[in-house]
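Remarks on the structure that follows.
Rule-based calculations on the coordinates, nothing more; no lab input. What you are looking at is a predicted structure, and each value in this text was computed from that prediction instead of being measured. We place every Cβ from the backbone using ideal geometry, glycine too, and count neighbours over all the protein chains shown.
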Amino acid sequence: MENIITHEEYVKAQIRLEEIIKLDLVSNDTPEDDPLLQELDDVSDIIEAYEEEHYPIGLPSLIEVIELRMFEMKLKQKDLATLLGTSATRISEYLSGKREITLNIAKALRSKLNIDSDIILQ
């Protein structure tokens, strides 16, 4: 298949992908040189390229990443405040977007929560 240009071609590629999968035309045991396996790879690549162009998924915001880390670490705002060396009120202001994160808090987020500096700087 060639690059998908229209939405209709994208839908056709999705339908073909579903046919290959639902009909069990390929499996983990399918030889790598099998034409259907190659078609599956090609159709998947085309769909992925179309979706990346037309339905991009942006990076999460810093607040979303902080909230995720809090969930993962089972931290409440008060716990996070203690960990970062600030008040629970200040954490609430950061998470609600009422206050910008300071350089010291940004450094603490990097070191204590292991949040990537690229996300902090966005």
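The figures follow:
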{"read-out": "Estimated dipole of the chain in Debye, rounded to 20 [Cβ of Lys and Arg +1, of Asp and Glu -1, Cα centre]", "value": "2000"}
{"read-out": "Sites Ile21 and Leu121, calculated FRET efficiency, Cβ-Cβ separation with R0 41 Å, nearest 0.05", "value": "0.50"}
{"read-out": "Label corresponding to volume of the Cα convex hull per residue in Å³ when calculated from the structure given, among (1) 176; (2) 124; (3) 101", "value": "(1)"}
{"read-out": "Size of electric dipole in region 62-121: Cβ of Lys, Arg +1 and of Asp, Glu -1, about Cα centre, debye, nearest 20", "value": "280"}
{"read-out": "Whichever lysines have a C-alpha closer than 21 Å to that of Lys12, once near sequence neighbours (fewer than 8 apart) are set aside", "value": "Lys22"}
{"read-out": "Ile57 paired with Lys107, simple spin-label distance in nm, labels 7 Å along Cα-to-beta-carbon", "value": "3.4"}
{"read-out": "Point-to-point label distance, Asn28-Ala49, nm (Cα→Cβ direction, 7 Å offset)", "value": "3.0"}
